[in-house]
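Just so it is clear, none of the values below were taken in a lab; they were calculated from the coordinates. In this text the structure is predicted, and so the values were computed from the model without any measurement. Backbone-built Cβ (ideal geometry, glycine too); neighbour counts: all protein chains shown.
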Number of protein chains: 2
Amino acid sequence: MLGKEPKISNSVVRRLPVYLRLMQTLKNQNITTVSSQEMGLRLDMNPAQIRKDLAYFGEFGRKGVGYEVDYLERKLCQILNLDRHIGVALIGVGHLGIALSNYTRFQSEHIAIAGLFDMDPQKIGSQVGSLVVQDVRELAATVNDKNIQMGIIAVPAPAAQQVCDELIEAGVKIILNFAPVNLRVPKEVVLRNTDFTTELQSLAYFIAD
Amino acid sequence: MLGKEPKISNSVVRRLPVYLRLMQTLKNQNITTVSSQEMGLRLDMNPAQIRKDLAYFGEFGRKGVGYEVDYLERKLCQILNLDRHIGVALIGVGHLGIALSNYTRFQSEHIAIAGLFDMDPQKIGSQVGSLVVQDVRELAATVNDKNIQMGIIAVPAPAAQQVCDELIEAGVKIILNFAPVNLRVPKEVVLRNTDFTTELQSLAYFIAD
C-alpha cells in the first residue's frame, strides 16, 4: 500500500519489528550471523515462516550461512521507514496517554511523540516528560509544523471519531486507536485498533475446564 | 490447548471476540440473522475466512440463511469461556495499570479485575475504582482466595520476570504482559505480549515515501 508491494499482508508487516528487535539483541551479544533455525528457536516461530516473510523484501540470507545480523537490521529499518525520524501526535492525556507517552519515549529512537493534545483545560499546559500538553484545537497546526505522520487516539470512546476526523483532516494517514469504538476512515488511511477487552476475551479461551 | 482442539491457531482464537462483539452489536440493532457476507462487510474481512473460523467449532450457519445472531453469540461466549466469571490479577498500578483497570471495568461483564497489586508502599492501600491496591506479597493468597485465573503484568521491565514467576507459582496459567521484555514461562502457560513499540514500528511501514 501507499506505493509498497500490495501483496504483503498485515500479519507479515507486524512480524517485521519482531525480527528487527531480535537483530538488535543479537548485535548486543556480538553475534554477526544467524540462521532462520536459530531465529525460529529464539522467537518460538517456524523457520520457514521467517524465511518466507523476509523473502518478500529481497534475498537477505545465504544457504548454509544464514542472515548477516548487521545487514538484516539495516534492511529491516529501511523497510519499516525507521531510518528516518517519525513524529507522532497523541491525543488524550489520561492515564493511558501518559503511559503510552512514557513508554514510547524510552523504547524507540526513531518514533517519537512530538505532540500531546487534550481538550481538558486542567490538562492543557501541564508538562508530561519533555512535552507540554496542547489544546486539541492546535492539532492541525502542530501536525503541519512538526511534520507529524502518525496519530495515537487515547481519548474516551465518545470523542474518538471526532479526533480521528481531525487527524485525517490535518493530513495524518496512519492511526493507532485505543478507544473501544469502530472508527470510520477513508480507504487511504491505515487504521489499527488496539482493544484490551478483545485481548482478554481471546485469552479466556485458554482457561481449562 | 488445555483440553481444547489443538489445531485451532492463535489467530483464529483472536478473531472470536471480534465476531462476538459484532453479534452483540447486531442484537442491539434487533437483527436476528446475519450472513457471512454481511459479517465480512461490517468487519472488513473475507466471508470465507469467517465461515472457516466458525466451522472449527461446529455447524453454526445455514446455507441461504446465515447465522442466528442470538445462538452464535451464546456459542461464542461458551467457546471463549465467557459464560462464567473470570477473575484477573493486575500487577503494577502505574498509569498503564490504572488505565487498564478503568478500561476493563467498563467493557466486559464476565472478565473482571479482582485484585490490584503493587510493591510501592505509597500505592498500597490506595483506592482504584472499587478495589484497594494490595501488597504484591499478598498475590498468591489472593489468587487462591478469589480463584483468579488470569494475570496482567503492567510493571516496569526489570520487575516483570519476578512478577511472572510469582503468578505462575500461584497457579495462574494465562498471562498478558505489557512490560517490554521477553518473559520465560513453562510450556503449559499461555503468555501473550502486548508491545506498543512493535505496533508503532509496524505501522511505520505504511508511511509514504
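Taking a straight Cα-Cα cut-off under 29 Å and skipping sequence neighbours fewer than 8 places away in the same chain, the lysines within cross-link reach of B:K7 are A:K7, A:K52, B:K52, B:K63, B:K75, B:K173, B:K187. Working note: 222 nm ellipticity from helices only, DSSP H runs with n ≥ 4, each -39,500 (n - 2.57), summed and divided by the residues of chain A, gives -13000 deg cm²/dmol to the nearest 500. The Cα-based radius of gyration and maximum Cα-Cα distance (Dmax) for the stretch A:61-115 are 16.0, 51 Å. By the gyration tensor of its Cα atoms, with a ≥ b ≥ c the square roots of the eigenvalues, what is the shape of chain A: rounded for a/c under 1.5, prolate for a/b over b/c, or oblate? Prolate, because a/c is 1.5 or more and a/b exceeds b/c. Between the alpha-carbon centres of the stretch A:59-89 and the stretch B:73-90 there is a gap of 41 Å. Remark on A:N193: its backbone amide H falls under 5 Å from those of A:N177, a criterion applied only to residues 5 or more positions apart or on other chains, H modelled at 1.01 Å from N. Along the positive direction of the dipole of chain A (beta-carbon charges: Lys, Arg +1; Asp, Glu -1; about the Cα centre), which of A:Q149, A:A179, A:L76 reaches farthest? The one lying farthest along the dipole's positive direction is A:L76. Work out the charge dipole of chain A with +1 on the Cβ of Lys and Arg and -1 on the Cβ of Asp and Glu about the Cα centre, then indicate which of A:N30, A:L203, A:C164 is farthest towards its positive end. Ranked along the dipole, the leading option is A:N30.
Here chain B is assigned +1 on the Cβ of each Lys and Arg and -1 on the Cβ of each Asp and Glu. Its dipole about the Cα centre then comes out at about 700 debye. Helix B:10-28: angle to the longest alpha-carbon principal axis of chain B, degrees 0 to 90, nearest 10? Rounded to the nearest ten degrees, it is 70. The same position B:Q78 in the other copies lies at 5.4 nm from this copy, comparing label points 7 Å beyond Cα toward the beta-carbon, shortest first.
Angle of helix B:95-107 to the longest C-alpha principal axis of chain B, folded into 0 to 90 degrees and rounded to 10: 40°.
Peptides A:45-55, A:65-75 ranked from most to least packed by the mean count of surrounding Cβ atoms within 10 Å: A:65-75, A:45-55. With the convex hull drawn over the C-alpha atoms of the protein assembly as shown, the volume per residue is 161 Å³.
Only Lys, Arg, Asp and Glu carry charge here, each on its Cβ (+1 for the first two, -1 for the last two); on that basis the protein assembly as shown has a dipole of about 1160 debye about its Cα centre.
Remark: the stretch B:146-154, residue by residue, has Karplus-estimated 3J(HN,Hα) of 9, 6, 6, 10, 10, x, 10, 9, 10 Hz, where x stands for each Gly or Pro and the curve is 6.51 cos²θ - 1.76 cosθ + 1.60 at θ = phi - 60°. In order along the stretch A:165-173, phi translates into HN-Hα couplings of 4, 5, 4, 5, 4, 7, x, 7, 10 Hz, rounded to whole numbers, per the Karplus curve 6.51 cos²θ - 1.76 cosθ + 1.60 with θ = phi - 60° and x for Gly and Pro. With a 10 Å cut-off around each Cβ of A:173-185, the average count of Cβ atoms from other chains is 2. Peptide B:9-19 has a mean of 4 when you count, residue by residue, the C-beta atoms of other protein chains within 10 Å of its C-beta. Couplings for the stretch B:190-203, taken from phi via the Karplus curve 6.51 cos²θ - 1.76 cosθ + 1.60 with θ = phi - 60°, read 8, 10, 10, 9, 10, 9, 5, 5, 4, 4, 5, 5, 6, 5 Hz in order; Gly and Pro are left as x.
What percent does the relative contact order of chain A come to when contacts are Cα pairs within less than 8 Å and at least six residues apart?
On the way: 281 pairs, mean separation 28.5, N = 209.
That works out to 14 percent.
In peptide B:92-99, what is the residue-averaged number of other protein chain Cβ atoms found within 10 Å of each Cβ? Before the final figure, lay out each step's value.
Values: counts 0, 0, 4, 11, 7, 2, 5, 10.
For this peptide, the per-residue mean of nearby foreign Cβ atoms is 5.
Remark on the stretch A:86-199: ratio of C-alpha radius of gyration to 2.2 N^0.38 Å is 0.97.
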